[in-house]
1. With a 10 Å cut-off between alpha carbons and a GNM built on the chain, which of 107, 246, 318 moves the most?
2. Relative contact order of the chain: what whole-number percent is it, with Cα pairs under 8 angstrom and at least 6 residues apart?
3. Would you mind ranking 151, 25 so that the residue whose beta carbon has the fewest other beta carbons within 10 Å leads the list?
4. Using alpha-carbon pairs under 8 Å, 6+ residues apart, how would you state the relative contact order of the range 90-170 in percent?
5. Kindly provide the pair-distance distribution of the range 131-245 built from C-alpha pairs, with 5 Å bins from 0 and whole-percent values in order of increasing distance.
6. When the Cα centres of the range 1-25 and the range 87-152 are compared, how far apart do they sit, in Å?
7. Label residue 23 and residue 129 with points 7 Å out from Cα along Cα→Cβ: what is the distance between them in nm?
8. Comparing 279, 125, 259, which has the greatest mean-square fluctuation in the GNM of the chain with Cα pairs linked when under 10 Å apart?
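Every read-out reported here was derived from the displayed coordinates using simple, explicitly stated rules and does not represent laboratory data. This structure is a prediction, so every number in the text was calculated from the model and none was measured. Note: ideal-geometry Cβ built from the backbone for every residue, glycine included; neighbour counts use all protein chains shown.
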């Protein structure tokens with residue numbers, strides 16, 4: 001791509017038409033003649049020779065170096081442009097409830113936990129430059145996988161997560177505090193916790209509202225998701241004979257608490273009543289929380305002014321040499 005760095009110098013090209021008009025005016029005013037007895041003394045095609053053409057247009061040929069020098073001062077360049085795209089990922093911590101109630105099968109044909117794991121795994125696959133971690137909780141909580149960009153190991157830990165890994169119960173405050181403690185030292189501008197639960201806070205020494213305030217202090221945004229159908233859900237139990245049966249139990253989700261946590265931290269609360277709605281929720285979060293992308297344009301410039309100066313000097317030297325040798329005229 002041709003580029004002119006100092007375009008202001010192109011204004012000097014306006015001198016060219018002025019010089020041409022001045023040359024024509026002076027030429028007409030001071031025109032001189034030499035008389036001959038007959039034109040037959042000269043060859044018929046002598047006016048068409050290259051020598052005569054150059055002699056008549058020597059002034060215009062001299063203007064070519066002037067044009068080339070002006071163009072050289074304007075610094076013509078050939079630009080080779082390219083872009084560099086820098087992506088800044090965000091840190092996401094998924095806080096997953098694995099309490100006994102997550103075994104309810106209202107997200108048929110699988111239970112809540114298995115469906116949640118499938119949806120979360122799909123969400124992880126869609127992220128490209130973000131660091132993601134996993135905290136699990138029931139009656140207690142712990143970090144199953146630290147924040148990482150190794151999505152394969154993260155999905156492995158997610159797959160290996162199951163009900164019964166922790167003491168039963170629902171310690172939402174402890175889970176949120178553990179998550180904040182894990183993500184608070186992140187140097188990324190955006191820090192997110194996605195907390196998914198199907199119950200009511202009934203365990204732990206930390207109050208969920210206090211944990212939410214701590215998250216706010218560390219600039220951590222919390223999205224809360226309540227999972228479970230409305231009304232009653234089938235829950236698996238084993239009878240005295242070792243047979244698996246299902247009983248209908250009330251679905252109890254503290255939506256007011258989850259809404260308060262989300263509002264305190266600048267996040268949002270969602271309710272998922274089936275697999276489709278849970279997938280839609282994670283799709284919405286994926287759409288809203290995008291990584292930062294900065295694009296910088298770089299140029300590699302090759303200056304051409306040397307070639308213009310060289311061409312101008314060659315033409316100028318040629319005209320001066322020709323004027324004093326084979327194009328010399330009678331004064």
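1. Among 107, 246, 318, the largest GNM mean-square fluctuation belongs to 318.
2. 23 percent
3. So the ranking, lowest neighbour count to highest, is 25, 151.
4. Dividing the mean separation by the residue count of the range 90-170 yields 39 percent.
5. Histogram of Cα-Cα distances, whole percents per bin: 2, 10, 18, 21, 19, 14, 8, 4, 2, 1, 0, 0.
6. Taking the Cα centre of the range 87-152 as reference, the centre of the range 1-25 is 69 Å away.
7. Between residue 23 and residue 129, the simple spin-label model gives 5.8 nm.
8. 125
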